[in-house]
Amino acid sequence: MNNHMNEDYITSYNGTMDIKKTLVLQSVNQCNKEHQNENKLPAIENAYTTILKELGENPEREGLLKTPLRAAKAMQYFTKGYQENIHDILNNAIFDENHDEIVIVKDIDVFSLCEHHLVPFFGRVHIGYLPNKKVVGLSKLARIVEIFSRRLQVQERLTKQIALAIHESLQPMGVAVVMEASHMCMVMRGVQKMNSRTVTSTMHGIFRDDPKTREEFLSLIKQ
């Protein structure tokens with residue numbers, strides 16, 4: 001199958017491309033998610049109103065009148081990964097391909113919320129995998145990062161979740177993920193170290209077992 005085909009296609013039981021079915025399913029799923037989010041908004045909005053009051057602010061003053069609602073919508077967006085899953089994102093974007101060299105997508109921007117303080121951490125993710133007769137649409141690697149980063153996270157777990165999702169979906173010869181990020185919980189509070197960066201990595205398969213393959217990956221992401 002051509003990698004440049006629309007990745008919104010799905011394959012029906014008889015092997016034909018059923019575009020209409022895909023669009024209907026996507027529309028229904030999107031409507032359901034939006035409806036669930038709208039139902040939860042009032043409770044989140046009220047919670048932000050309480051927070052403002054307890055901080056000593058007046059939620060009724062002009063500048064804050066709509067802040068609880070805006071904050072509630074923003075938090076839903078920041079954590080939208082809870083409403084998404086790998087199956088929906090990959091959406092039949094895995095292709096048979098006899099490619100036996102490392103595939104790398106580097107410098108993927110990542111933004112997430114630290115689950116300890118609910119403040120951001122952000123940086124870049126580098127992903128490499130060695131295919132085992134199957135490849136995935138390159139944009140889907142960034143989407144996998146997005147799914148797990150748009151949840152309350154710690155960087156160590158986020159790095160592992162990205163690698164495991166790729167490993168389970170593609171069953172490649174190996175997967176490597178390196179993430180480097182700045183944490184606002186270290187910059188804005190606590191030790192207040194402006195230039196500190198945290199680097200985490202996860203290696204599976206040949207990237208863990210073969211030093212030469214691992215070094216090749218690490219060298220390529222530094223270029």
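The values are calculated or read from the model by the stated rules, or taken from the named source; none is laboratory data. Nothing here was measured: the structure is a model prediction, and the numbers come from that model. Neighbour counts run over all protein chains shown; Cβ positions are idealised from the backbone, glycine included. Side chains included, ligands, DNA and RNA excluded: accessible areas come from the protein's heavy atoms. Shrake-Rupley method; radii C 1.70, N 1.55, O 1.52, S 1.80 Å.
Some notes on this structure:
- Selection count where residues are surrounded by 14 or more Cβ atoms within 10 Å (Cβ to Cβ) and part of a strand (DSSP E or B), scope the stretch 92-108: 7
- So Ile89, is it of a type in the set (A, V, I, L, M, F, W, C), buried (at least 17 other Cβ atoms within 10 Å of the Cβ), at negative phi and not in a strand (DSSP E or B): yes
- Taking (1) open to solvent by less than 100 Å² (accessible area, probe 1.4 Å); (2) touching a Lys or Arg at 6+ places or on another chain (Cβ under 8 Å); (3) closer than 25 Å to Ile147 by Cα in turn, Tyr82 satisfies each apart from (1).
- Flag if Ile144 is open to solvent by less than 10 Å² (accessible area, probe 1.4 Å) and either in contact with a helix residue (DSSP H, G or I) (Cβ under 6 Å, 6 or more places away or on another chain) or among the polar types (S, T, N, Q) (or both): yes
- Checking each residue in the stretch 170-181 for being aliphatic (A, V, I, L, M) and open to solvent by less than 20 Å² (accessible area, probe 1.4 Å) picks out Leu170, Val175, Ala176, Val177, Val178, Met179, Ala181.
- Options Arg208, Arg189, Arg214; residue that is crowded, with 18+ Cβ neighbours inside 10 Å and more than 22 Å from the chain's Cα centre (by Cα): Arg214
- Any hit, the stretch 127-150, residues being in contact with a Phe, Trp or Tyr (Cβ under 9 Å, 6 or more places away or on another chain) and free of Cβ contacts under 8 Å to residues at least 24 places away in the same chain: no
- Residue in the stretch 158-169 that is surrounded by fewer than 20 Cβ atoms within 10 Å (Cβ to Cβ), not small (Gly, Ala, Ser) and not in a helix (DSSP H, G or I) present: no
- Residue list for the stretch 38-90, restricted to those being among the polar types (S, T, N, Q) and over 19 Å from the mean Cα position of the chain (by Cα): Asn39, Asn46, Thr49, Thr50, Asn58, Thr67
- For the stretch 192-205, the set of residues classified as small (Gly, Ala, Ser) and loosely packed, with under 14 Cβ neighbours inside 10 Å consists of Ser196 only.
- Search result, residues across the stretch 37-76 that are basic (Lys, Arg) and closer than 27 Å to Arg150 by Cα: Lys40, Lys66, Arg70, Lys73
- Residue count for the stretch 114-141, restricted to those that are among the charged types (D, E, K, R), open to solvent by less than 30 Å² (accessible area, probe 1.4 Å) and assigned to a strand (DSSP E or B): 0
- Test result for Phe111, touching a Phe, Trp or Tyr at 6+ places or on another chain (Cβ under 9 Å), open to solvent by 10 Å² or more (accessible area, probe 1.4 Å) and among the aromatic types (Phe, Trp, Tyr): yes
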